[in-house]
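Handing you this structure, nothing more for now.
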Amino acid sequence: MQFPLTKVNKFFKSNDAKEGITSLWGDFGVGKTTLSLQTANIYALNKRKVLYIYTKSNLPYKKLSSVFVNNLDDVLENISFIHTTNFDDIFNFVFNLEFIILNDLKTEDSTFNLIVIDSMTDLYRLELNREKKGKNFILNYKLNQLIANLVNLKQKYEIDILIINELSRRTQEGLTYEVESGGNVMRYWVKNSIKIERTEVANNRKFILHRDNDNNSVMLNSTLTIHGFE
C-alpha cells in the first residue's frame, strides 16, 4: 500500500506486511479521513482505480477540494465514492463486491487497486444494544464475515484494503486502555495498523505504526496542514 508519508511506507515495506489489510484508527477529528483521502489521491494520480466507501452522514467536500487541490477532475475520474447509511448496506455491498470485481476484469482487464472504508465500525456501533445480546451476536458475526471477505479480496485479487476505524476504551483491573473499535474481530483480522493521536501542538500528530507479523511498532510525528499530512 502506498501512503503519502515516506516513513510510513518504509515501515510497511516488508513482504509480510503486504499480506494483510491495514487499519487507520484514532479519536474523532485527528485526521483519519484526511490521510485516507491523501492515500486515495496517490493511487488516482497514477491512474489506479479507487473504491471509497463512506459511512458518515455527508461526504467531506471541503476536504476533497483541499486534498485533491491539483487536477481535481482527473483524480475523481479514478475514484468511485459509495455512500452507505446502515450496517446492513455496507455488509451487503462488501459481500457482493467480488461480483463487481469479476465483471470489471471481464470487461476492462482491470479492477480496483485500492478499497477504502471510512469508517468500518461507525454503523456497527450504532446498532449495538446491551439489552439485546442476540442482536449483538449477529452484528459481531456480520462484522467478522465482512472483514473476512475483505481479506479474501486482498489475497485473491491483490487489492490494497484500508479500513478507517474509531477509537474505543476498555477498562481492565481499574485501568482504562485505548483500543480499536470492533474488539476481538479487528484484532484477529487486521495485521497492520496506524493509530493517530493528538499532541500538545495543535497541528502536530503522533503516528503509532504496528506490524502484527513481527509484533513491531514505531512512533513518528507529522504536521497536519490544510492540504493534509506532511
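Readers should treat all values here as calculations from the given coordinates under stated rules, not as data from a laboratory. Everything quoted here is computed from the prediction, not taken from an experiment. Cβ placement follows ideal geometry from the backbone for every residue including glycine, while neighbour counts extend to all protein chains displayed.
Could you work out the equivalent-ellipsoid semi-axes for the range 126-185, taking the square root of 5 times each eigenvalue of the Cα gyration tensor, largest first, in whole Å?
26, 17, 9
Ok, one more. Check Leu24: other-chain or 5+ apart residues with amide H under 5 Å from its amide H, H built from backbone geometry?
Ile163, Ile164, Asn165, Ile194
Once you wrap a convex hull around the alpha carbon atoms of the range 38-120, what is its projected area averaged over all directions, in nm²?
Averaged projected hull area, Cα only: 5.5 nm².
Skipping prolines and chain starts, which residues have an amide H placed within reach, meaning under 5 Å, of the one on Phe3, given they are 5 or more residues away or on another chain?
Here the answer is Asn9, since their amide H atoms fall under 5 Å of that of Phe3.
Could you derive backbone 3J(HN,Hα) for the range 145-156 from the dihedral phi with the Karplus parameters 6.51, -1.76 and 1.60 (θ = phi - 60°), listing whole Hz in sequence and x where the residue is Gly or Pro?
5, 4, 5, 4, 5, 5, 4, 4, 5, 4, 6, 7
Sorted by mean Cβ packing within 10 Å, highest first, what order do the peptides 41-51, 90-100 take?
For the peptides 41-51, 90-100, the packing ranking is 41-51, 90-100.
Output ³J(HN,Hα) for the range 182-190: one whole-Hz value per residue in order, computed from phi by the Karplus curve 6.51 cos²θ - 1.76 cosθ + 1.60 with θ = phi - 60°, and x for Gly and Pro.
Coupling constants for the range 182-190: x, x, 5, 4, 5, 5, 6, 8, 8 Hz.
In addition: Gaussian network model of the chain, Cα springs within a sub-10 Å range: biggest mean-square fluctuation belongs to which of Val190, Val151, Val218?
Result: Val218 has the largest fluctuation of those listed.
Any idea what the relative contact order of the range 6-229 is, in percent, if you count C-alpha pairs under 8 Å spaced at least 6 apart?
Averaging sequence separation for qualifying contacts and normalising by length gives 30 percent for the range 6-229.
Let me ask something else about it. Taking all pairs of different Cα atoms in the range 1-76, averaging 1/r and flipping that mean, what Kirkwood radius in angstroms comes out?
For the range 1-76, the Kirkwood estimate is 13.8 Å.
Another question about this same structure. More than 29 Å apart: what percent of Cα pairs in the chain qualify?
That tail contains 25 percent of the Cα-Cα pairs.
Sticking with this structure for a sec: Per residue of the range 169-178, what does 6.51 cos²θ - 1.76 cosθ + 1.60 with θ = phi - 60° give for ³J(HN,Hα)? Whole Hz please, x for Gly and Pro, Karplus curve as stated.
Couplings: 10, 10, 9, 9, 6, x, 10, 9, 10, 8 Hz.
Using modelled backbone amide H atoms (1.01 Å from N, in-plane), which distant-in-sequence or interchain residues come within less than 5 Å of His83's amide H?
Distant-sequence amide H within range of His83: Tyr54.
Starting from the Cα gyration tensor of the range 113-230, take the square roots of the eigenvalues, sort them a ≥ b ≥ c, and report rounded, prolate or oblate (rounded when a/c is under 1.5, otherwise prolate if a/b is larger than b/c, else oblate).
Here the range 113-230 falls in the oblate category.
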